[in-house]
Amino acid sequence: MEEIMRYQPVEFFYSYNNLLAIESTRLGGLSKPPFASLNLGAFTNDLKEAVQQNKEILYTDLGINGDQIASSFQCHGNEILNVEKPGYYEGFDALITNKKNIFLQILVADCTPILLFDPIHEVVAAIHAGWRGTVNAIVQKTLDKMTLHFHTNPSDCFAYVGTCISQSYFEVDKDVADNFDQEFYFFDKEKNKYFIDLKGCNARALSDAGLMKNHIAISPFCTVKDNDLFFSHRYEKGTTGRFGVIIGIRK
C-alpha cells in the first residue's frame with residue numbers, strides 16, 4: 001500500500017498487535033466523480049454496485065470481510081449500541097464492543113470520527129460526532145457505556161480524533177455557536193460568522209472524561225483543506241461520498 005492510498009493506519013494504537021484501526025481516504029476506489037473514488041456511503045447518489053465494490057476492495061486490503069463489519073445509519077444523535085454481532089443497525093452514532101473479529105465502522109464527510117480503545121478489557125468504540133453529537137456529550141456517554149458494560153476505566157483508554165472539517169472552514173451562525181464553550185469558537189466580524197473547533201472540543205471531552213492527554217491523538221488533516229484525500233459534504237455542496245474509520249480486535 002502506498003503511504004497515502006486507500007487508508008491510513010492509526011499508528012497511535014499499533015503497540016497492540018491484534019488491533020485493527022484505520023481511517024480510509026477517498027483514493028483507490030471505483031466510483032466516478034463527484035463520488036471519486038473510494039466512496040463507502042451507500043446512501044449517497046453513487047451507484048450501489050460501485051459502493052459495494054469499494055467496500056470489498058478496502059476490506060480485502062485490511063484482511064477482513066463485510067460479514068465482520070458492524071455499522072449503523074447515523075442520525076446525528078448520541079445513542080450508543082453495544083454490538084454483539086456484526087450487521088447493519090439504525091439510529092446509533094456510536095458503537096462499542098468487546099467481541100473479537102467484529103469491526104466497527106463509522107462513515108463521515110465533515111463530522112468528527114473518533115476511535116476508542118481500552119487495552120485492559122479489550123474494548124473498542126467508534127463514534128460519529130457531528131456538532132449535535134459533540135454538544136450532546138456523545139464522547140462522555142460512550143465512555144460511560146463502556147464502563148457500565150465492560151468496567152472500562154477511561155484513564156486506561158487511548159483515543160484517535162479523526163479527520164473532519166477544521167475550525168478555519170466550519171462557519172456557523174450564532175444559534176449553533178451558542179452551544180459551545182467560547183474557547184472552541186471565534187467570531188469573524190467581516191463574515192458575521194462563528195468558526196467552531198470540533199477536534200478541540202472532542203479532545204477536551206475525552207480529557208474531561210478521564211483520558212490522559214498523551215493517550216489522545218488528533219488527525220492533522222481537514223476534509224476541506226485536504227479535499228483531494230477526503231470527502232467534504234460542505235465543500236462539495238452536499239454531492240460527495242463518505243470515507244470511514246474502522247476499529248476492531250482480531251481473534
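The values are calculated or read from the model by the stated rules, or taken from the named source; none is laboratory data. Just so it is clear, the model here is predicted, and its values are computed rather than measured. All Cβ positions, glycine included, derive from the backbone under ideal geometry; neighbour counts span all protein chains shown.
Would you check if Ala159 is surrounded by 24 or more Cβ atoms within 10 Å (Cβ to Cβ), more than 22 Å from Tyr16 (Cβ to Cβ), modelled with pLDDT of 95 or more and in contact with a helix residue (DSSP H, G or I) (Cβ under 9 Å, 6 or more places away or on another chain)?
Details: surrounded by 24 or more Cβ atoms within 10 Å (Cβ to Cβ): yes; more than 22 Å from Tyr16 (Cβ to Cβ): no; modelled with pLDDT of 95 or more: yes; in contact with a helix residue (DSSP H, G or I) (Cβ under 9 Å, 6 or more places away or on another chain): yes.
Judged against the criteria, Ala159 is not a match.
Among the residues of segment 156-166, are any in a helix (DSSP H, G or I) and small (Gly, Ala, Ser)? Spell out the reasoning first.
In the first step, residues of segment 156-166 are kept if they are in a helix (DSSP H, G or I); the result is 156.
Those left that are additionally small (Gly, Ala, Ser): none.
Among the residues of segment 156-166, not one is in a helix (DSSP H, G or I) and small (Gly, Ala, Ser), which makes the answer no.
Return the only residue of Ile96, Ile120 being assigned to a loop (DSSP other than H, G, I, E, B), over 12 Å from the mean Cα position of the chain (by Cα), over 25 Å from Asn39 (Cβ atoms) and among the aliphatic types (A, V, I, L, M).
Details: Ile96 fails: assigned to a loop (DSSP other than H, G, I, E, B).
Result of the check over Ile96, Ile120: Ile120.
Scanning segment 216-243 for residues that are touching a strand residue (DSSP E or B) at 6+ places or on another chain (Cβ under 8 Å) and of a type in the set (S, T, N, Q), which turns out surrounded by the most Cβ atoms within 10 Å (Cβ to Cβ)? I'd like the intermediate steps shown before the answer.
Our first condition is that a residue be touching a strand residue (DSSP E or B) at 6+ places or on another chain (Cβ under 8 Å); within segment 216-243, this holds for 216-219, 222-223, 230-231, 242-243.
Keeping just the survivors that are of a type in the set (S, T, N, Q) gives 219, 223.
On the way: Ser219: 21, Thr223: 28.
Only one residue fits best here, namely Thr223.
Could you please find all residues in segment 180-206 being closer than 20 Å to Ala94 by Cβ and either surrounded by fewer than 16 Cβ atoms within 10 Å (Cβ to Cβ) or charged (D, E, K, R) (or both)?
Passing the criteria: Lys199, Arg204.
Please indicate, with yes or no, whether at least one residue in segment 65-83 is within 14 Å of Val245 (Cα to Cα), in contact (Cβ under 8 Å) with a residue 12 or more places away in the chain and touching a Cys at 6+ places or on another chain (Cβ under 7 Å).
no
Restricting attention to segment 38-59, which residues are over 17 Å from the mean Cα position of the chain (by Cα), in a loop (DSSP other than H, G, I, E, B) and either of a type in the set (Lys, Arg) or buried (at least 18 other Cβ atoms within 10 Å of the Cβ) (or both)?
Thr44, Asp46
Output the residue which, of all residues in segment 15-29 that are assigned to a loop (DSSP other than H, G, I, E, B) and touching a strand residue (DSSP E or B) at 6+ places or on another chain (Cβ under 8 Å), is modelled with the lowest pLDDT. First the steps, then the outcome.
If we filter segment 15-29 for residues that are assigned to a loop (DSSP other than H, G, I, E, B), which is where we start, we get 15-18, 25-29.
This time we only want the ones that are touching a strand residue (DSSP E or B) at 6+ places or on another chain (Cβ under 8 Å), so: 16, 18, 25-26.
On the way: Tyr16: 87, Asn18: 93, Thr25: 98, Arg26: 98.
Only one residue tops the list, namely Tyr16.
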